[in-house]
Every structure is written in structure tokens, then in C-alpha cells.
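We did not get these values from a lab; they are worked out from the coordinates using the rules stated. In this text, all values refer to a predicted model and were calculated from it rather than measured experimentally. Neighbour counts run over all protein chains shown; Cβ positions are idealised from the backbone, glycine included.
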Amino acid sequence: MSDEELKNDAQPEDTGAEAGAASDPLGALLGELEEARQQILYAQAETQNVRRRLEKDAQDARAYAATNFARDVLSVADNLSRALDAMPAAMREDEGSKSLIIGLEATQRELMSVFERNGITRIAAMGLPLDPNQHQAMVELPSDVEPGTIVQEMQAGYMIKDRLLRPALVAVAKKPE
């Protein structure tokens, strides 16, 4: 082999793509530019999605921050209601006890007002059909009303905004035997 042949064997052959890229550097740069533009758009979309998720999480945290505290205070509201319900009529008529009862009722109204201001609402139950998303059936009682209708509320249920805080404990009607 001559020196000329050795030099030709040592050089790689140009492929069509390499020849095209070498002959059209502007096309290659435009392709890279388009790819970079797509990556930027994807990154911007991802950033916007993350920002929206964080904003929603922050809103939920603000809206439902008092959930555990509200559950604890519900037992206080229950006990206050039981105490008022347990007071005999004679005690309500007694002048010495009347101011105590008026004070307890005012406290109950204020507690319900605080609940309302914080988005805590009582779940309606009596006379409604059982809703397993809001009511928890504890017992079935024979009744003349439509089966599945709530006939007794054992414990009030509450919602905080649009979430269940505590289901209402209820008795549901069944056909009499």
C-alpha cells in the first residue's frame, strides 16, 4: 500500500447526516433552539403546577387547621347541651336557678356562634333518610315512617367547611314486626 492509500483508509467516510449537518449548521441550531424552547415550556408548566398545588395545600391548611381543636370542643358543646336538657322544669322556674340557666344558655349560643364563624355547622338528621356520609346508624327502631329514615339523634354530627368533622349518631326506622 502506498502512503496515499493509507491516508485515505485512516479517514472516516462522511455519512449523509454528517454531511447535512455540516452543510446546514443553521438547521441544526434551529432544531436545538426548538428543543430548548420545549424544555423551557415544560419547566414553566411544571413550576406553575407546583405553585398551584402549594397554594391549594396552604388554603386547606388554613381552612382546616382547627379541625382537631374543633373535635375536642365538640365534647364540651355536647356536655353543655346535656346539662341544659337534664335541668328539671322546677329548677328552670326557681328564681335562684334561673340566672344560672340563662347564663348556660347564653354560653351555648356563644359557642354555636363561634362554631358558625369558623365554618363548623351541625348536620341535619331528624326525619331525613340515612346518609352514610354524614350519619352513623347505631340502632334500628320499629316505626311507622319510611324504613331508613332517622327517627332519633343520639349525638349531633358536625361538618367543618365541606368536610365531615363528626358523623351524627342516629337511630333509623325499620318496618314494625
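Projecting the Cα atoms of ALA173, TYR64, PRO129 onto the charge dipole of the chain, computed from C-beta unit charges around the Cα centre, puts ALA173 farthest toward the positive end. Under 5 Å from the amide H of ILE120 lie the amide H atoms of LYS161, each residue being 5 or more positions distant or on a separate chain, with H modelled from the backbone and absent for Pro and chain starts. One chain, two ends: THR121 and LEU30. Fully extended at 0.36 nm per residue, the span grows by 26.7 nm beyond their Cα-Cα distance. Where both bridge residues fall in the chain, DSSP classifies roughly 60% of the beta bridges as antiparallel. Taking a ≥ b ≥ c as the square roots of the eigenvalues of the alpha-carbon gyration tensor, segment 47-177 is classed oblate because a/c is 1.5 or more while a/b is no larger than b/c. Entry note, the chain: the mean residue ellipticity at 222 nm calculated from DSSP H runs of n ≥ 4, each adding -39500 (n - 2.57), is -20000 deg cm²/dmol after division by the residues and rounding to the nearest 500. The C-alpha atoms of the chain define a longest principal axis, and helix 67-86 lies at about 10 degrees to it.
Charge dipole (Cα centre; +1 on Lys/Arg Cβ, -1 on Asp/Glu Cβ; no other charges) of the chain amounts to roughly 1900 debye.
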